[in-house]
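Below is one structure, written out as structure tokens, with a few remarks after it.
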Amino acid sequence: MILPGQTIGILGGGQLGRFLGLEARLMGFKTVVLDPTPDSPAAQVCDRHIQAAVDDSTAALELARLSDVVTLEWELIPAALLEKIEKVKPLFPSSKVIATISDRLVQKEFLKERGFPQTPFVPAANRQELEAATKTLGFPCVLKRRRHGYDGKGQLRLHSPADLPKAAPLLEAPCVLEALVSFDKEISVILAVGREGQTRAFPIAENVHRGGILHSTLAPASIPIPQSDPILALAEKVGRDLGHVGVMTVEMFVETGGRVLINEIAPRVHNSGHYTLGACATSQFEQHIRAVGGLPLGSTVVEGPVVMINLLGELWSDGEPRWDLLLAHPSVKLFLYGKAKAAPGRKMGHFLFIGDYPGGPLAEAERLYRGLLPVSAATAD
């Protein structure tokens, strides 16, 4: 068990690392972060910043020596490096978990071996294998890089054989082809697994993506309780079977008939769990610190209903957005990530709309979001 006054090492200095650092500071812990950016979001709030790439072995081992426990904000760190860290200090989640999850094909094979429901898939390492895979799965389908794909990057929808030539850039690295399923809802379960295997899940979140990037999250999701319990049990079984420690996210599809399929697993705190920061008794970030530190897990009671909306760089195209209009609403909480430069598709912050509202909280949150849009975008919308 680690206690306030001890040090948590964080591999990665983006916004997820920032909130881990902020919550750790509130709890009385010290933090050290490894990230190559001089003034990264996490570096702004942590006690010490080691400025180097997250796969820099020398720097990562220095972080481990300075820490009492080490964790990470994203899974795309070489498992071999994580194994070295484990020899110096406790690391959660483990290198074994990261090796399983960071490769989409390995992740899917793990789920398949244990009988978890998921979309049909076939490996595709080259054009010949891709053509064979499309004959197995049919069209439409989705080609995804096995590694380093996120926010819609490293993915391509194929609607017919005419789209196959477009796959050439993706096939420069190993891929996996997935059947495109028709679904009624995209949901995610944020849950924590403690060192002794105890689990605690947050309310199921319902997500909407635009251009492959998460736009909004509503929690609790509009799912009946009789259906919710099996969904939560499914996510908890994934965490136990993985041997995970810390917060993790299981993204799922709910088909029109009610069948649930696992889409992807993230072995870390997650964008769709941002609603917990400000709307739950324990945020996903505090819960992660509790789990990796060997502490009892906190309550996941939600104040809700709550809506989270991502704020992407496009909002800054005409200058700083009108925060005064947003913050004039008493049910809004605003979170900005401290990023110096806005760019299209870059996550710059998010806001929460907490509580019920005539017409529904999601509709009111969307209305407030449209008020932030640049004039040109608002007119087009």
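Considering only region 22-36, I want to know if a residue exists there that is closer than 20 Å to TYR150 by Cα, assigned to a loop (DSSP other than H, G, I, E, B), modelled with pLDDT of 95 or more and among the small types (Gly, Ala, Ser). Walk me through it before giving the result.
Looking only at region 22-36, we keep the residues that are closer than 20 Å to TYR150 by Cα, and these are 35-36.
Checking the rest, the ones that are also assigned to a loop (DSSP other than H, G, I, E, B) come to 36.
Restricting the remaining residues to those that are modelled with pLDDT of 95 or more gives 36.
Imposing the further condition that a residue be among the small types (Gly, Ala, Ser) reduces the set to none.
No, because not a single residue in region 22-36 is closer than 20 Å to TYR150 by Cα, assigned to a loop (DSSP other than H, G, I, E, B), modelled with pLDDT of 95 or more and among the small types (Gly, Ala, Ser).
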Selected residue (only one of PHE92, PHE116 is closer than 25 Å to VAL292 by Cα, in contact with a helix residue (DSSP H, G or I) (Cβ under 7 Å, 6 or more places away or on another chain) and of a type in the set (Phe, Trp, Tyr)): PHE92
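Does LEU164 fit the bill of being within 27 Å of PRO123 (Cα to Cα), not in a loop (DSSP other than H, G, I, E, B), not polar (S, T, N, Q) and not assigned by TED's automatic domain parsing to the domain that holds GLY294?
Working: within 27 Å of PRO123 (Cα to Cα): yes; not in a loop (DSSP other than H, G, I, E, B): yes; not polar (S, T, N, Q): yes; not assigned by TED's automatic domain parsing to the domain that holds GLY294: yes.
In short, yes.
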Do you know which of the residues in region 139-150 that are under 19 Å from LYS108 (Cα atoms) and not charged (D, E, K, R) is surrounded by the most Cβ atoms within 10 Å (Cβ to Cβ)? CYS141
Taking region 351-381 only, how many residues are at pLDDT 95 or above and either in contact with a Lys or Arg (Cβ under 9 Å, 6 or more places away or on another chain) or among the basic types (Lys, Arg) (or both)? 8
With (1) more than 18 Å from the chain's Cα centre (by Cα); (2) modelled with pLDDT of 95 or more as the list, and PRO78 as the residue in question, which single condition is left unmet? (2)
Would region 43-53 turn up any residue that is closer than 27 Å to THR100 by Cα and touching a residue at least 24 places away in the same chain (Cβ under 8 Å)? no
Quick check on my filter: what residues within region 151-165 are loosely packed, with under 12 Cβ neighbours inside 10 Å and either under 15 Å from ALA133 (Cβ atoms) or in contact (Cβ under 8 Å) with a residue 12 or more places away in the chain (or both)? HIS159, SER160, PRO161
Filtering region 39-58 down to residues that are part of a loop (DSSP other than H, G, I, E, B) and of a type in the set (Val, Ile, Thr), which residue is surrounded by the fewest Cβ atoms within 10 Å (Cβ to Cβ)? VAL45
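Keeping to region 287-334, report how many residues are touching a strand residue (DSSP E or B) at 6+ places or on another chain (Cβ under 9 Å) and closer than 30 Å to LEU72 by Cβ.
Just the residues of region 287-334 that are touching a strand residue (DSSP E or B) at 6+ places or on another chain (Cβ under 9 Å), to begin with: 287-294, 297-313, 315-316, 321, 323, 326-327, 329, 331-334.
If we keep only those that are closer than 30 Å to LEU72 by Cβ as well, we get 287-294, 297-304, 306-313, 315-316, 333-334.
Matching residues across region 287-334 total 28.
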How about region 24-35: which of its residues are exposed (fewer than 14 other Cβ atoms within 10 Å of the Cβ) and either more than 24 Å from GLY298 (Cα to Cα) or hydrophobic (A, V, I, L, M, F, W, C) (or both)? LEU26
Residue count, region 61-75 (criterion: at pLDDT 95 or above and either assigned by TED's automatic domain parsing to the domain that holds ASP151 or closer than 16 Å to GLY246 by Cα (or both)): 6
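The values are calculated or read from the model by the stated rules, or taken from the named source; none is laboratory data. Keep in mind that this is a model prediction, so the values were computed, not measured. So basically every Cβ, Gly included, is an ideal-geometry build from the backbone, and we count neighbours across all protein chains shown.
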